[in-house]
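Engineer: Please see the structure below; I have some questions.
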Amino acid sequence: MRFWSFWFNSFVLSSQYNPPRFVELLMLLLAIAMLGIASILPDRPYLILGLSLVVGASISILVREAIAPSPQTRITQLTASLLLIISLYGFADLMYAL
């Protein structure tokens with residue numbers, strides 16, 4: 001029981017300490033879930049929702065890092081840019097398949 005209490009308290013504390021990063025984390029976790037569902041079920045709405053969540057989180061991360069840089073700015077910007085490029089490529093591939 002202590003294990004779940006620790007994780008829940010950490011979750012609440014992180015949401016209060018840095019809300020933008022918390023929202024980005026939630027968006028990326030939902031994107032992982034949607035893309036996982038899309039790999040099991042070949043439905044396009046899950047794929048579109050997952051890719052759009054990745055695009056939104058990536059743009060949010062890039063804007064946040066431009067406004068208030070963190071100590072690992074380069075790595076964060078590189079990762080967000082890579083996610084953005086991959087998700088835009090996924091959208092282009094999806095449009096080509098239609």
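Engineer: Here are the criteria: (1) at pLDDT below 90; (2) charged (D, E, K, R); (3) over 15 Å from the mean Cα position of the chain (by Cα). Tell me which single one ARG74 does not satisfy.
Structural biologist: Evaluating ARG74 over (1) at pLDDT below 90; (2) charged (D, E, K, R); (3) over 15 Å from the mean Cα position of the chain (by Cα) leaves (1) as the failure.
Engineer: Could you pull out the residue among LEU49, LEU35, LEU28 that is within 18 Å of PHE91 (Cβ to Cβ), surrounded by 12 or more Cβ atoms within 10 Å (Cβ to Cβ), at pLDDT 90 or above and touching a Gly at 6+ places or on another chain (Cβ under 6 Å)? Show your work before the answer.
Structural biologist: Working: LEU49 fails: touching a Gly at 6+ places or on another chain (Cβ under 6 Å); LEU28 fails: touching a Gly at 6+ places or on another chain (Cβ under 6 Å).
So the residue among LEU49, LEU35, LEU28 that is within 18 Å of PHE91 (Cβ to Cβ), surrounded by 12 or more Cβ atoms within 10 Å (Cβ to Cβ), at pLDDT 90 or above and touching a Gly at 6+ places or on another chain (Cβ under 6 Å) is LEU35.
Engineer: Kindly indicate the residue of the stretch 52-72 that is hydroxyl-bearing (Ser, Thr, Tyr) and open to solvent by 30 Å² or more (accessible area, probe 1.4 Å) and also farthest from ASP93 (Cα to Cα) among those meeting that condition. Show your work before the answer.
Structural biologist: Step one: list which residues in the stretch 52-72 are hydroxyl-bearing (Ser, Thr, Tyr), which gives 52, 58, 60, 70.
Restricting the remaining residues to those that are open to solvent by 30 Å² or more (accessible area, probe 1.4 Å) gives 52, 60.
Values: SER52: 14, SER60: 23 Å.
So, considering only residues that are hydroxyl-bearing (Ser, Thr, Tyr) and open to solvent by 30 Å² or more (accessible area, probe 1.4 Å), the one farthest from ASP93 (Cα to Cα) is SER60.
Engineer: Would you be able to tell me the number of residues in the stretch 1-50 that are in contact with a helix residue (DSSP H, G or I) (Cβ under 6 Å, 6 or more places away or on another chain), more than 20 Å from GLN77 (Cβ to Cβ) and not small (Gly, Ala, Ser)?
Structural biologist: Restricting attention to the stretch 1-50, the residues satisfying the condition of being in contact with a helix residue (DSSP H, G or I) (Cβ under 6 Å, 6 or more places away or on another chain) are 14-15, 20, 22, 24, 27-28, 30-31, 34-35, 37-38, 46-47, 49-50.
Cutting the leftovers down to more than 20 Å from GLN77 (Cβ to Cβ) gives us 14-15, 30, 34-35, 37-38, 46-47, 49-50.
Retained after the next criterion (residues that are not small (Gly, Ala, Ser)): 30, 34-35, 37, 46-47, 49.
Matching residues across the stretch 1-50 total 7.
Engineer: Go through the stretch 15-25 and count every residue that is open to solvent by 50 Å² or more (accessible area, probe 1.4 Å) and among the hydroxyl-bearing types (Ser, Thr, Tyr). Show your work before the answer.
Structural biologist: Going through the stretch 15-25, the residues open to solvent by 50 Å² or more (accessible area, probe 1.4 Å) turn out to be 16-17, 19-21, 23, 25.
This time we only want the ones that are among the hydroxyl-bearing types (Ser, Thr, Tyr), so: 17.
The total comes to 1.
Engineer: Right, next: Within the set of pairs 6 or more residues apart or between chains, which connect a residue that is in contact (Cβ under 8 Å) with a residue 40 or more places away in the chain inside the stretch 60-86 to a residue that is open to solvent by less than 90 Å² (accessible area, probe 1.4 Å) with Cβ atoms less than 8 Å apart?
Structural biologist: If the second residue must be open to solvent by less than 90 Å² (accessible area, probe 1.4 Å), the pairs left are SER60/PRO20; SER60/VAL23; SER60/GLU24; SER60/MET27; ARG64/PRO20; ARG64/GLU24.
Engineer: Also, I was wondering about something else. How many residues are open to solvent by 50 Å² or more (accessible area, probe 1.4 Å) and under 12 Å from the mean Cα position of the chain (by Cα) when one looks only at the stretch 83-95?
Structural biologist: Residues meeting the conditions: 1.
The values are calculated or read from the model by the stated rules, or taken from the named source; none is laboratory data. Predicted model only: the values in this text are computed from it and were never measured. Because the Cβ atoms are built from the backbone with ideal geometry, glycine has one as well, and the counts that use them run over all protein chains shown. In case anyone asks, the SASA skips ligands and DNA or RNA and just uses the protein heavy atoms, side chains included. Shrake-Rupley method; radii C 1.70, N 1.55, O 1.52, S 1.80 Å.
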